[in-house]
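Just so it is clear, none of the values below were taken in a lab; they were calculated from the coordinates. None of these values were measured; they are calculated from a predicted model. All Cβ positions, even for glycine, are placed from backbone atoms using ideal geometry, and neighbour counts span all protein chains on display.
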Amino acid sequence: MKKIVFLLLSSLFLTAGEIKVALAANVSFAIGDLIKEFKKAHPDTKVEPIISGSGKLTAQIRNHAPFDIFMSANMKYPQALYHDKLTVDEPKVYAKGSLALFSRTKRDFSKGLELVLDESVKKIAVANPKLAPYGKATFEALKNAKLLDKVKSKFIYGESIAPTVAYAVKVTDLGFIAKSSLYSPKLSKFKPNENYIEVDSKLYTPISQGIVLLKRSEDNKEAKAFYDFILSKKAKEIFKRYGYIVE
């Protein structure tokens, strides 16, 4: 009996202070600083980010993946989980994502989005609009700029924003990426107006990104603390530094 009690206590001790955050790929660039700031007040809490596309993470949550929090790239997926009674509350917006047009080589960005029509541009990295919110926003921007039908044949699709950024940096001539990705160490050498421009937010709807505390972690105080932190002023300051729109 004593051995059983000891094993149970050991198990609780090993898992105490650990939370798993299912994280949309575009937030992977900011998550390090977010965790660092959170740990100032919660030094003993281990935060493990699980990074993937929002659609894939939603499927995993529905299949009982052991996540505590879901930070989506849009509101659609967390809203669906709330509808399925898998979250504590309705999703809340933690930040709004914006788009940038990127080139790994120097280009004449004075042309604006019409640069996509340039003869030297053969391939353009775009997130899959059926799976990724940033892909949907890209299609919306190009459609409103009356460019979509002229350039669709050039598109190379990434499943989420992370592979799309990888294509843009290594393979394609241009890429529509999350502005937040420009703040990653790998992209810090690239310069505005030489390697990228922001896409005019009037051409698309800035992407409201939603967070939910999952039902399985309703009584997890550390998960709730991280959830509250992501909605805090300090977190918003970090999101703003990484190119997000915050209110």
Proximal aspartates and glutamates relative to Lys122, as straight alpha-carbon distance under 12 Å, when same-chain residues fewer than 8 apart are discounted: Asp173
Calculated Cα Rg over 2.2 N^0.38 Å (choose from [x] 0.99; [y] 1.11; [z] 0.94), label: [y]
Computed over segment 99-203, Cα set: Rg, Dmax in Å: 12.1, 34
Nearest-20 debye value, the chain charge dipole, Cβ charges on Lys, Arg, Asp, Glu: 340
Anchor Lys234: aspartates and glutamates whose Cα lies under 19 Å away (excluding residues fewer than 8 positions away in-chain): Asp33, Glu37, Glu222, Glu247
Greater than 32 Å apart at Cα, pairs in Lys186/Lys221; Lys170/Lys215; Lys39/Lys136; Lys146/Lys236; Lys136/Lys215; Lys146/Lys191: Lys186/Lys221; Lys170/Lys215; Lys39/Lys136; Lys146/Lys236
Relative packing of 159-171, 228-240, which averages over residues the other C-beta atoms within 10 Å, highest first: 159-171, 228-240
Degrees separating the helix 133-144 axis from the principal Cα axis of the chain, which is the longest one: 30
Dipole magnitude of segment 99-203 about its Cα centre (Cβ charges: Lys, Arg +1; Asp, Glu -1), debye to nearest 20: 180
Ordering of 78-86, 59-67, 126-134 by burial proxy (mean other Cβ atoms within 10 Å per residue, highest first): 126-134, 78-86, 59-67
Helix 221-230 vs. the chain, principal-axis angle (Cα, 0 to 90°, nearest 10): 20
Efficiency of FRET from Cβ geometry, Lys46 and Glu218, R₀ 22 Å, rounded to 0.05: 0.65
Between 0 and 90°, nearest 10: helix 31-41 axis offset from the chain longest Cα axis: 30
